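Student: Shown below is the structure under consideration.
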Amino acid sequence: MIVYILRRMVQSFLVLLAVSLVVFMAVYAVGDPIELLVSAEASDADRQAMIKRLGLDLPVWLQYWSFLTRAFQGDLGTSFVHGIPAIELIVQRFPATFELVVVAIGLTCLLGIPLGLIAGLFNDRPLGRGLMGGSVLGFSLPNFWQGMMLILMFAVWLQWLPSSGRGDTVNVLGVPLSLFTADGWSHVMLPAINLALGNIALVLRLTATGVMEAKTQEYVKFARAKGISERRILTRHILRNILIPVVTVIGMEFGTLIAYSTITETVFAWPGMGKLLIDSIYKLDRPVVVAYVMLVTFIFVMINLLVDLAYAVLDPRVQLQEAP
Amino acid sequence: MMQPDKPLMTIDPSKRAQPLQDTPQRRAILKKLRSKPSVKGAVIALVLLLAVVLLAPFLSPQNPYDLGALDLMDGRLKPMSEAASGMTYWLGTDDQGRDMLSAILHGLRISLMVGLSAVVLATIIGSLVGLVAAYFGGWVDTVLMRIVDFILGFPTILVALVLLAILGRGVDKVVIAIVMVQWAHYARIMRGRALQERKKEYIEAAKNLGFPGWRIMTRHLLPNCMGPVMVFATIQIANAIVLEATLSFLGVGVPITEPSLGLLIANGFQYLMSGDYWISMFPGLALLALILSINLIGDRLREALDPRK
């Protein structure tokens, strides 16, 4: 077990190293790094100082080494636009994105799993078929357009919910959160629905196929033959068996949602990391882009590691050795 | 294995196996597909959309790129309103006075073109990589598949965004970005399929006949592995179109001179709050119709080809 954990950690570390190499190649080696890293308004003296500071007169492998050591010290450059370390800027924006993703995942569980159960149990009736058909629509709706239509419907025509921003926040342990105010909730609802809709469709289909498959299994027939109530068969036998893959997918989607929140945050002007990334791309604020990629990769690698470990603990069939 | 200098025997071209001949399985699959009414609807919708895309220059009431034909006085007109020139704007106009119907017809063209060319390129590159990995095995396989795992480990939108942040805007660059995020899927599918095929007798026979590796790969292995790859490619067209639209919406996709549906939607976003819904809504509906019909066909195709059913 310990060997497995260690091996997975080494693998994760190698992935991070590979990403740092790719990012380094993209930003420093391809094209003129000074062009990318020094703002256009910088004076000639600033330019020279920057070349010196970044060690751009050194051989490439030495440059990569210094990029790496600085990255390990948490220095991924300073934002041109905001004048503060890029990593600090992103960490400031993290709670907003995290909050949005958590609410979206909550919606996914609350809607996707029950609707999937219904679709799976009544798969030969119009209700079940309608739900399965509707889930294709959920997949097909382009995320950004769907968000705009939500704004049009609920903010412009019905005027029930606000269309942009984060609303009132309350400081919890020094972190501003909007989930503790009614105004905050009204602001988070539309973006969260927007972010969650594709995943609701995904979880719905996953649950429904699981139920459809489980319905015909021997263990369900046996439970029914024993005279166990349908309700108990569903909650104790079917649900338990199909929830493992569903929960895994939801866990894995956490990282994906952080990435996809860039779209939602742009549509709803939600002040999170994703909006920061898009703004930074517009303003050619490269250090922030680099820092964002490194940080999100880190989060991603960590989630994958945790999911793998949780899997190994939960399911004894999973071999703790590396797959051949 | 010993490799003779030239093939020991040649095959009569007329007797060469036709991998896509009419077989009982194929007929059963087509029958399954035809029995679904939603597939019929999707096929009809897709054919209509393709016809519209091909005939866009003849069908559209206005040339949306001809700035001289636009009248700023006609800006942001509601659907069905009449222009000063007497022409009716069925779907309204955008802020520049551009007829939305014409803009959508031309936008569909660009969206479809980007989606199709990206998928074709990604299929070719991915299939070749998968084929090479499966055929040679060993360290070639390990290295190629590690690269595939690495790319597939990240969400597509993030990889594409960062690529375009480096490459800059442009239709060709969007295609490159989509190919970069998609090829790995094909490589993985192709490799899985080719690993199964590789063990069969006909490959062994071809090897013993002394055919060179590239010939076995492209003439023998490839045609027999294309099935699952092509089904996957169908669905990926829809994904590529959505990705292009999303990137254009985010402002890193196609340039303003070649407005795809995504850019049209983005253009209408700023007028959405004042209730001018048509600038964003109609291009979005066209996009949705395109994606939905592709997805429905792809979904049923996968279902019909699923050997478990």
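Student: Go through the range B:115-150 and count every residue that is surrounded by 20 or more Cβ atoms within 10 Å (Cβ to Cβ), within 14 Å of chain A (Cβ to nearest Cβ) and among the hydrophobic types (A, V, I, L, M, F, W, C).
Tutor: 1
Results for (1) of a type outside the set (D, E, K, R); (2) within 11 Å of another protein chain (Cβ to nearest Cβ), shown as yes or no for each residue.
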{"residue": "A:GLY128", "(1), (2)": "yes, no"}
{"residue": "A:MET132", "(1), (2)": "yes, yes"}
{"residue": "A:TRP145", "(1), (2)": "yes, yes"}
{"residue": "A:MET153", "(1), (2)": "yes, yes"}
{"residue": "A:LEU158", "(1), (2)": "yes, no"}
{"residue": "A:ARG166", "(1), (2)": "no, no"}
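Student: Then there's this: When you go through (1) of a type in the set (Phe, Trp, Tyr); (2) assigned to a helix (DSSP H, G or I); (3) over 25 Å from B:ALA304 (Cα atoms) one by one for B:PHE232, which number turns out not to apply?
Tutor: Answer for B:PHE232: the failing condition is (3).
Student: Quick check on the range A:262-278: of everything there that is free of Cβ contacts under 8 Å to residues at least 60 places away in the same chain and surrounded by 24 or more Cβ atoms within 10 Å (Cβ to Cβ), which residue is nearest to the chain's Cα centre (by Cα)?
Tutor: Among those residues, the one meeting the criterion is A:THR262.
Student: Give the residue, chosen from A:ILE233, A:ILE281, that is within 11 Å of another protein chain (Cβ to nearest Cβ) and surrounded by 15 or more Cβ atoms within 10 Å (Cβ to Cβ).
Tutor: A:ILE281
Student: In addition: Please go through the range B:72-100 and give me each residue that is assigned to a helix (DSSP H, G or I) and touching a helix residue (DSSP H, G or I) at 6+ places or on another chain (Cβ under 8 Å), ordered by number.
Tutor: B:MET100
Student: Do we have B:SER127 as part of a loop (DSSP other than H, G, I, E, B) and over 25 Å from B:VAL254 (Cβ atoms) here?
Tutor: So B:SER127 fails the test.
Student: Also, quick follow-up: Every residue in the range B:236-255 that is at the interface with another protein chain (Cβ under 8 Å from one of its Cβ atoms) and either outside any helix (DSSP H, G or I) or of a type in the set (Gly, Ala, Ser) (or both), please.
Tutor: Once the filter is applied, which keeps residues that are at the interface with another protein chain (Cβ under 8 Å from one of its Cβ atoms) and either outside any helix (DSSP H, G or I) or of a type in the set (Gly, Ala, Ser) (or both), the range B:236-255 yields B:ALA238, B:ALA245, B:LEU250, B:GLY251, B:VAL252.
Student: Have a look at B:VAL174, B:VAL162 and point out the one that is closer than 21 Å to A:ASN143 by Cβ and facing chain A (nearest Cβ under 9 Å).
Tutor: Result: B:VAL162 is the single residue among B:VAL174, B:VAL162 that is closer than 21 Å to A:ASN143 by Cβ and facing chain A (nearest Cβ under 9 Å).
Student: Next question, about the same structure. Would you mention how many residues in the range A:139-161 are within 24 Å of B:LEU264 (Cα to Cα) and surrounded by fewer than 18 Cβ atoms within 10 Å (Cβ to Cβ)?
Tutor: 4
Student: Taking B:ILE176 and the conditions (1) at pLDDT 90 or above; (2) aliphatic (A, V, I, L, M); (3) surrounded by 20 or more Cβ atoms within 10 Å (Cβ to Cβ), which numbered condition does it fall short on, given that it satisfies the others?
Tutor: (3)
Student: Go through the range A:43-162 and tell me which helices (runs of 4 or more DSSP H), entirely inside it, have 3 or more residues that are aromatic (Phe, Trp, Tyr).
Tutor: By residue number, A:60-72.
Student: OK, next. Looking at the range B:183-217 only, could you name the residues that are of a type in the set (A, V, I, L, M) and part of a helix (DSSP H, G or I)?
Tutor: Scanning the range B:183-217 gives B:ALA184, B:ALA187, B:ILE189, B:MET190, B:ALA194, B:LEU195, B:ILE203, B:ALA205, B:ALA206, B:ILE216, B:MET217.
Student: Looking at the structure I just gave you, is A:LEU131 surrounded by 19 or more Cβ atoms within 10 Å (Cβ to Cβ) and hydrophobic (A, V, I, L, M, F, W, C)?
Tutor: Here the answer is yes, as A:LEU131 does meet what is asked.
Student: With the condition kept exactly as written, say whether any residue in the range B:256-269 is at positive phi, at pLDDT below 85 and not in a helix (DSSP H, G or I).
Tutor: Looking through the range B:256-269, none of the residues is at positive phi, at pLDDT below 85 and not in a helix (DSSP H, G or I).
Student: Given (1) modelled with pLDDT under 85; (2) part of a helix (DSSP H, G or I); (3) not β-branched (Val, Ile, Thr), where does A:ARG205 come up short, assuming only one miss?
Tutor: Result: A:ARG205 fails condition (1) only.
The values are calculated or read from the model by the stated rules, or taken from the named source; none is laboratory data. Remember, it's a predicted structure, so these values are computed and weren't measured experimentally. Note: ideal-geometry Cβ built from the backbone for every residue, glycine included; neighbour counts use all protein chains shown.
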